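J.: My questions will all concern the structure given below.
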Amino acid sequence: MIVPMKKLGPVLLVVSSSIVINMGYLSSSLYEVPGVLTAILVPSLMVTCIGWFQRSMRRTIVLTLAVIILSGVLLLITLSAPVLFGVIADPDYAQMFVYSAFLRVVQRTLLTSFFALLTALLAGLAFE
């Protein structure tokens, strides 16, 4: 029973970190929470936790890349939800809405990637 949980642990760590980062992005978009907090501090804390639990620089960097990709996908889905669920029905406005959401996701992902990978390197060095 312990062996499957050890193999499932990194996956759960990536998914939970991505959900926390996604909720930070949404709070920044909806409630005017400062972007520095949600784009830099929260992902850096999540990556530090990954480094703490993994204790290996290589695994920390790989899991950090997985968190960045998964959080970008989750953010694109949640920002495009009004179009996906049919709340915005006008085809011209829906395309513009999805395009602006995509640009916002790319902008946030690039900003987060830099600081998350920098933190992953530092966490991997510190905990190895």
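J.: Can you list the chymotrypsin sites (Phe, Trp or Tyr not before Pro) in the range 59-128 that are in a DSSP coil and have 10 or fewer other beta carbons within 10 angstrom?
T.: For chymotrypsin sites (Phe, Trp or Tyr not before Pro) across the range 59-128 that sit outside H, G, I, E and B with at most 10 neighbouring Cβ atoms in 10 Å, the list reads PHE85.
J.: Take the alpha carbon atoms of the range 1-63, find their radius of gyration, then divide it by 2.2 N^0.38 Å using N residues; give the quotient.
T.: 1.28
J.: Ordering LEU70, LEU8 from largest to smallest accessible area (1.4 angstrom probe), what's the sequence?
T.: LEU8, LEU70
J.: Something else now. Among SER113, ALA126, THR78, pick out the residue whose Cα is farthest towards the positive end of the charge dipole of the chain, where Lys and Arg carry +1 and Asp and Glu carry -1 on C-beta, about the Cα centre.
T.: ALA126
J.: Obtain the nm distance between the two label points defined at LEU26 and LEU65 by a simple spin-label model: each point lies 7 Å from its Cα along the Cα-to-C-beta direction.
T.: Modelled inter-label distance: 2.8 nm.
J.: Given charges of +1 on the Cβ of Lys and Arg and -1 on the Cβ of Asp and Glu, with all other atoms neutral, how large is the dipole of the range 1-100 about its Cα centre, in debye to the nearest 20?
T.: The dipole of the range 1-100 has a size of about 820 debye.
J.: May I ask you to give the percent of accessible area on the chain that is carbon plus sulfur, with a probe radius of 1.4 Å?
T.: On the chain, the fraction of accessible area on carbon and sulfur atoms equals 76 percent.
J.: If you average the alpha carbon positions of the range 8-48 and of the range 64-128, how far apart do those two centres end up, in angstrom?
T.: That distance is 11 Å.
J.: Rg (Å, one decimal) plus Dmax (Å, integer) for the alpha carbons of the range 43-82?
T.: 12.2, 40
J.: Just reorder ILE40, ILE50 by solvent-accessible area, largest first, 1.4 Å probe, all chains present.
T.: So the residues, ranked largest to smallest area, are ILE40, ILE50.
J.: Also: Counting pairs of alpha carbon atoms under 8 Å apart in space and at least six apart in sequence, what relative contact order in percent does the chain give?
T.: 37
J.: Give me the mean projected area, in nm² to one decimal, of the convex hull enclosing the Cα positions of the chain.
T.: With the hull built on Cα positions only, its mean projection is 8.7 nm².
J.: Could I ask something else about it? What FRET efficiency do you get for LEU111 and PHE85 if R0 is 30 Å and r is their Cβ-Cβ distance, rounded to the nearest 0.05?
T.: For LEU111 and PHE85, the calculated efficiency is 0.60.
J.: Kindly write out, for the range 112-124 in residue order, the coupling ³J(HN,Hα) from the Karplus curve 6.51 cos²θ - 1.76 cosθ + 1.60 (θ = phi - 60°), rounded to whole Hz, with x marking Gly and Pro.
T.: Couplings: 5, 4, 4, 6, 5, 5, 4, 5, 5, 5, 5, 5, x Hz.
J.: Can you tell me how much longer the chain between VAL73 and PHE127 gets when fully stretched, taken as 0.36 nm per residue apart minus their C-alpha distance, in nm with one decimal?
T.: 16.6 nm
The values are calculated or read from the model by the stated rules, or taken from the named source; none is laboratory data. Since the structure is predicted, the reported quantities are computational estimates derived from the model, not experimental observations. Here the Cβ is made from the backbone with ideal geometry for all residues, glycine too, and neighbour counts use every protein chain on show. For the accessible areas, the whole protein counts, side chains as well, though only heavy atoms, and no ligand, DNA or RNA atoms are used. Shrake-Rupley method; radii C 1.70, N 1.55, O 1.52, S 1.80 Å.
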